[in-house]
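In what follows, a structure is listed as structure tokens, so that the remarks can point back to it.
Every number here is computed from the coordinates shown, using simple stated rules; none is lab data. Keep in mind that what you see is a predicted model, and the values were worked out from it rather than measured. Note: ideal-geometry Cβ built from the backbone for every residue, glycine included; neighbour counts use all protein chains shown.
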Amino acid sequence: MTTAVQLNNPHESFRENRIMTDESENWAERFRTLFDKKVGMYKNGIHNALAMFSKEEEAFLRSIGATTQEVFDFVEDWCEDEIPNPEVALAIVKIRRDYFLKEQEGQFSERVRSEKEFPSRGASLAGLEWFPRIVAKAQAKLRGELPPDLMYSCGGDRRFLNTVNVSPVEFLETVREAGDNVEHIVKFVTDRSKT
């Protein structure tokens, strides 16, 4: 939990992060290179987010609204299950980055949600189990409020999204568009699940 607080320190200077982002000709290419490097490290036996990232890499990730833990989770799942692929991970980070820079003006949220605040795995919405949980996780993902023990697009999320025929990228985009209008998300998912 100490790590989560450090990674979401609201008092860090956005100016430094913005300069770092602006100086990067192509942050997405830098992210891809970083991701590939971490895949290599994971395959060589480094299975701990704290040991995997340098301070410079952590600073780069912060500049795009990301954390070392979330990138580690994507790397781990890719190495172990070959899903989500690196391009899906990048697309999810792009949505979060855009929200972080535009909606949050480069400021991390002052809170990280407790895992107890999320709906249970068995909770239902529109007759679909897991639906309330993934909505809450996607909202927290956008705001940078996911606790380190939860991952957006984990195995449970992917099973739910496969069932309703929606990609994790589409779902996160829909949650962003919806804001607080959960009915918009419900309509999108239920319409898509019928196709």
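General remarks:
- Distance between modelled label sites at HIS184 and SER114, nm, 7 Å Cα→Cβ extension: 3.0 nm
- Only helical runs count toward this figure. For the chain, summing -39,500 (n - 2.57) over DSSP H runs of n ≥ 4 and dividing by all residues gives -19000 deg cm²/dmol at 222 nm.
- The trypsin sites (Lys or Arg not before Pro) of the range 134-195 that meet both conditions, a loop assignment by DSSP and at most 15 other Cβ atoms within 10 Å of the site Cβ, are LYS194.
- Sorted by Cβ density within 10 Å, fewest first, the residues THR190, THR33: THR33, THR190
- Computed over the alpha-carbon pairs of the chain, the distance histogram in 5 Å steps reads 1, 7, 16, 20, 21, 17, 10, 5, 2, 0 percent, short to long.
- Each other residue within a Cβ distance under 10 Å of GLN139 adds +1 if Lys or Arg and -1 if Asp or Glu, for a net charge of +3.
- Full-extension gain in nm, ASN48 to CYS79, via 0.36 nm per residue minus C-alpha separation: 9.8 nm
- Formal net charge of residues neighbouring PRO148 (Cβ-Cβ distance under 12 Å; K, R +1; D, E -1): -4
- Among GLU58, GLU115, the ranking by other beta carbons within 10 Å of each residue's beta carbon, starting with the fewest, stands as GLU115, GLU58.
- Modelled FRET efficiency - R0 30 Å, ALA123 with VAL39, Cβ distances, 0.05 increments: 0.35
- Length gained when the stretch GLU56-ARG192 is fully extended (0.36 nm per residue, less Cα-Cα span): 44.8 nm
- Cross-link pairs beyond the 26 Å C-alpha cut-off, checked among LYS43/LYS102; LYS102/LYS137; LYS38/LYS187; LYS102/LYS194: LYS43/LYS102; LYS38/LYS187; LYS102/LYS194
- Dividing the Cα radius of gyration of the range 154-195 by its Kirkwood radius returns 0.95 for Rg/Rh.
- Tail fraction, Cα-Cα pairs, the range 98-195, threshold 21 Å, whole percent: 29 percent
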